[in-house]
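Chemist: Got a structure for you, questions after.
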Amino acid sequence: MPTMEKRQRGRPRAFNGPPEAASVQSLDRALRILAIVAEANGLSLSEIASASGISAPTAYRMLTTLESHAMVEFDQNEQLWSIGVGTYRMGASFLRSRKLVDRARTVMQELMEKTDETANLGVAEEDCVVFVSQVETHQAIRAFFRPGTRSAFHASGIGKAVLAHLDTERVAAIAKRAGLEAFTERTLSTLPALSGNLEEIRARGWAVDDEERYPGMRCVAAAIFNEFGEPVGGVSVSGPTVRVTPARVAEIGPLVRDAAGEVTRMIGGRAPA
């Protein structure tokens with residue numbers, strides 16, 4: 001009886017070849033160059049070409065492409081290529097999310113047990129919130145966000161908790177760039193409505209997504225801060241409105257606020273004054 005080969009996640013359905021067959025040659029070469037530059041303290045084009053085994057013209061085209069994304073930098077005076085700030089941002093983002101996930105897990109587990117609802121962890125990106133971890137409730141009907149799920153700032157509990165601790169000019173800039181899409185009839189899709197809600201969030205220390213992204217779902221969230229007092233993400237509790245009633249929201253809010261505060265301390269952060 002024939003056995004069915006299990007398809008690896010993250011690959012096209014029709015792909016069954018060896019891993020090396022899936023590589024994109026130009027991308028592979030560019031990453032090789034990036035690794036070579038990262039290990040040195042400034043290299044000339046000829047040195048990069050020699051170390052990578054790539055011709056100088058091809059290496060130059062790849063370097064200029066990487067430069068356009070701030071992955072490498074070119075010193076006009078020394079005529080040397082070095083690693084760029086873009087790689088630092090990516091690395092810092094990875095370390096931040098990894099640090100958060102590892103240290104927040106116990107707090108999230110306790111929060112789920114106290115509320116009997118799903119606890120979530122999200123990090124703030126440029127125009128959205130990305131969910132990176134979740135501790136699910138044992139309830140039959142529950143909220144579920146797959147790690148990597150993105151949500152608009154203005155229509156998520158964590159997103160609004162983050163926005164509440166940004167200055168008004170930055171909130172307006174994010175709203176203009178990302179838009180304020182009305183996902184449901186309860187979405188705060190105008191800047192005045194959103195700004196008024198953010199003032200309430202700052203005053204009490206936690207945010208509520210009241211069916212603003214998904215009908216029948218409520219979420220209570222609070223922000224996590226870094227060592228500079230800047231919001232970098234948040235913790236939330238989410239569940240169906242039949243269980244997460246307005247009365248329960250008032251009970252859950254302080255628990256979520258305290259949990260976010262604990263995670264902030266775990267990562268060496270501090271709440272803003």
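Readers should treat all values here as calculations from the given coordinates under stated rules, not as data from a laboratory. This is a predicted model, so every value here is computed, not measured. Every residue, glycine as well, gets a Cβ built from its backbone with ideal geometry; the counts of neighbours run over all protein chains shown.
Chemist: For the stretch 29-117, report the translational diffusion coefficient in µm²/s to the nearest whole number, using Stokes-Einstein at 4 °C, 1.567 mPa s, and a Kirkwood Rh over Cα pairs.
Modeler: In µm²/s, the coefficient rounds to 86.
Chemist: Compare the Cα positions of GLY229, LEU191, GLY205 along the charge dipole of the stretch 121-273 (+1 at Cβ of Lys, Arg; -1 at Cβ of Asp, Glu; about the Cα centre) and return the one farthest towards the positive end.
Modeler: GLY205
Chemist: I would also like to ask the following. At 20 °C and a viscosity of 1.002 mPa s, what translational diffusion coefficient does Stokes-Einstein give for the stretch 177-235, taking Rh as the Kirkwood radius over Cα pairs? Give it in µm²/s as a whole number.
Modeler: The calculation lands on 169 µm²/s.
Chemist: Moving on to the next point. Could you please report the charge total around LEU34, scoring K, R as +1 and D, E as -1 over all other residues with beta-carbon less than 13 angstrom from its beta-carbon?
Modeler: -2
Chemist: Right, another one. What's the percent breakdown of Cα-Cα distances in the stretch 229-273 across 5 Å bins, shortest bin first?
Modeler: Over the stretch 229-273, the share of Cα pairs per 5 Å bin runs 5, 20, 26, 18, 12, 11, 6, 0 percent.
Chemist: What longest range of the chain stays clear of loop-exposed chymotrypsin sites (Phe, Trp or Tyr not before Pro) (DSSP non-H/G/I/E/B, at most 16 other C-beta within 10 angstrom)?
Modeler: My reading of the result: 16-143 is the longest stretch.
Chemist: By count of other Cβ within 10 Å, fewest leading, how are SER46, SER133, SER238 ordered?
Modeler: The fewest-first ordering by Cβ neighbours comes to SER46, SER133, SER238.
Chemist: If you line up the long axis of helix 246-266 against the longest principal axis of the chain, both from Cα atoms, how many degrees apart are they, to the nearest 10?
Modeler: 40 degrees
Chemist: Something else now. Evaluate the distance, in nm, between pseudo-label points positioned 7 Å from the Cα of SER46 and of LEU31 along their respective Cα→Cβ axes.
Modeler: 3.1 nm
Chemist: For the stretch 38-189, treating each Cα as an identical point scatterer without solvent, what Debye log10 I(q)/I(0) comes out at q = 0.08, 0.10, 0.20 1/Å?
Modeler: -0.40, -0.58, -1.18
Chemist: Per DSSP helix of 4 or more residues, -39500 (n - 2.57); summed, then divided by the residues of the chain. What does that give at 222 nm, rounded to the nearest 500?
Modeler: Rounded to the nearest 500, the figure is -14000 deg cm²/dmol.
Chemist: Consider all pairwise Cα distances in the stretch 123-233 and report the whole-number % of them above 25 Å.
Modeler: Value for the stretch 123-233: 16 percent of Cα pairs lie more than 25 Å apart.
Chemist: What net charge is computed for the residues neighbouring ALA271, neighbours being all others with C-beta under 14 Å from the C-beta of ALA271, Lys and Arg scored +1, Asp and Glu -1?
Modeler: Net charge in that neighbourhood comes out at +1.
Chemist: Between the DSSP loop rule and a limit of at most 12 other Cβ atoms within 10 Å, which GluC sites (Glu not before Pro) in the stretch 164-209 are left?
Modeler: Taking the stretch 164-209 and a limit of 12 other Cβ atoms within 10 Å, the loop GluC sites (Glu not before Pro) found are GLU181, GLU185.
Chemist: Please give the peptides 187-194, 50-57 ranked by average Cβ packing (other Cβ atoms within 10 Å per residue), highest first, as a rough proxy for protection.
Modeler: 187-194, 50-57
Chemist: Treat the count of other C-beta atoms within 10 Å as a stand-in for reagent exposure and order ARG202, ARG257 from fewest to most.
Modeler: Ranked by crowding around the Cβ, least crowded first: ARG202, ARG257.
Chemist: Among LEU121, LEU63, LEU27, which one shows the highest mean-square fluctuation when the chain is modelled as a Gaussian network with alpha-carbon springs under 10 Å?
Modeler: Fluctuation is largest for LEU27.
Chemist: Can I ask one more? Measuring from label point to label point, each 7 Å out along Cα→Cβ, what is the ARG170 to THR184 span in nm?
Modeler: Here the answer is 2.8 nm between the modelled labels.
Chemist: Also, quick follow-up: Taking 0.36 nm per residue of sequence separation and subtracting the Cα-Cα distance, how much length would be gained by fully extending the chain between LEU191 and MET90, in nm to one decimal?
Modeler: In short, 33.3 nm is gained.
Chemist: For the charge dipole of the chain, defined by +1 on Lys and Arg C-beta atoms and -1 on Asp and Glu C-beta atoms about the Cα centroid, which residue among ASN77, GLN25, ALA173 has the Cα displaced farthest towards the positive pole?
Modeler: GLN25
Chemist: Follow-up. Within the stretch 233-273, which residues have the backbone N less than 17 Å from the label spot 7 Å out from ARG105 along Cα→beta-carbon, could you tell me?
Modeler: Backbone N within reach: 263, 266-267.
Chemist: Let me ask another. Over the Cα atoms of the stretch 189-273, how large are the radius of gyration and the largest Cα-Cα distance (Dmax), in Å?
Modeler: That works out to 13.3, 39 Å for Rg and Dmax.
Chemist: A further question follows. Any number yet on Rg/Rh for the chain, C-alpha, Kirkwood?
Modeler: With Rg and the Kirkwood Rh in hand, the quotient comes to 1.08.
Chemist: Right, something else. Which GluC sites (Glu not before Pro) does the stretch 52-154 hold that lie in a coil by DSSP with at most 16 other beta carbons within 10 Å?
Modeler: Qualifying residues, ordered by number: GLU78, GLU125, GLU126, GLU136.
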